[in-house]
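Please read the structure below before turning to the comments.
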Amino acid sequence: MNPIDFADFHQAALESDAVRHNLPLSIIERLRTQGEAGGIKYWTLGHPGACALQTPGFPLLLCNLSRDECRRFADLAVGLDFADVVGTGDTALQFAERAREHGIVFDEKIPQAILSLDQEPAAPSVEGFSRLLATPDLPLFRDWIAGFIREAVPRDDCPSDERLLAALGEHRHWVWIAGGVPVSMAAIGRRNRTAGAINSVYTLPGFRGRGYAGAITAVVAQQLFSEGRAFACLYVHKSNPASNRCYAKLGFKPVCDAWHIVRSKLGLHK
């Protein structure tokens, strides 16, 4: 199955729940435009929507799989080069259960949830204003992305300046300014035809608990709605109650659970 055939086979089924499947839909749209040249790996594992994807350097992504399909894909994945595995519901857990039987070692299970907003956010009334980050903001952007990675995904490497500049050139990162000082950031992580995902929400430690994260997240959600998208969504760590309360106040509602299973870097097999 070539990239276009794969996209045609799965996209409509995944779009029936565009928030739950916001990540695979964005990858499938890239697969349509980049084809094999983008290095995206893809597997059809059953009916339309039952598939798996992997962007170079990122985890295996499981989409709408049954338990049997998860276990069967784990059998196929024994020889694959992958770091982690992610999926909604229990798919990643079911994959990891079977993969362990093949000797693959995992270090951590990270419980997540996908939240969705389909109406004007209830933005907090706080001092300040928002603006887009731009190329001259590279020093600030570099520091803040490093801070975000340390706190949210400490196993990840910090991106190069080249990648950071490319991200700034995409005009998808906003910053909240209060008292003339940048205090909080949020970004559009990806878009599909009906939904957009918000990520990289980061507030400087000295300015937390003042509503700035809610304010800048609301700005990004409003941007997605202004583009004609019906939903703004985001992933949260279920173990971070402060951020979850922030998003609930804005009007975000839970859609589904998800798991990120972290593979051991010390060795692939026991």
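Structure values in brief
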quantity	calculated
Exposure proxy ranking, count of Cβ atoms within 10 Å, fewest first, for HIS47, HIS260	HIS47, HIS260
Share of alpha-carbon pairs per 10 Å distance bin for the chain, given as whole %	7, 28, 35, 23, 7, 1
Simple spin-label estimate for VAL78 and GLU15 in nanometres, 7 Å along Cα-Cβ	3.9 nm
Estimated FRET transfer efficiency (ARG100, ILE4; beta-carbon r; R0 41 Å; 0.05)	0.70
Under Karplus coefficients 6.51, -1.76 and 1.60, residue-wise ³J(HN,Hα) of the stretch 37-44 in Hz, glycine/proline x	5, x, x, 6, 9, 8, 9, 8
0 to 90° range, to nearest 10: angle between helix 91-101 axis and the chain longest Cα axis	50 degrees
The stretch 120-250 - convex hull of alpha carbons, volume per residue in Å³	111 Å³
Given charges at beta-carbon only (K, R positive; D, E negative), |dipole| of the chain in Debye	500 debye
Using alpha-carbon coordinates, inclination of helix 3-15 to the longest axis of the chain, degrees	60 degrees
Dmax and Rg, reported as Rg then Dmax, of the stretch 1-111 (C-alpha, Å)	13.3, 37
Extension reserve of the ALA134-SER226 stretch, reckoned as 0.36 nm per residue once the Cα distance is removed	31.1 nm
Spherically averaged projected area in nm², based on the convex hull that wraps the Cα atoms of the stretch 68-187	10.6 nm²
Descending semi-axes in whole angstrom, ellipsoid equivalent of the stretch 1-48, from the Cα gyration tensor	17, 12, 8
Burial order of peptide ranges 172-181, 193-202 (average beta-carbon count within 10 Å, highest first)	193-202, 172-181
Extension gain (nm, one decimal) between HIS237 and LYS109, 0.36 nm per residue minus Cα-Cα	45.0 nm
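No value in this document is a laboratory result; all are computed from the given coordinates. Predicted model only: the values in this text are computed from it and were never measured. All Cβ positions, glycine included, derive from the backbone under ideal geometry; neighbour counts span all protein chains shown.
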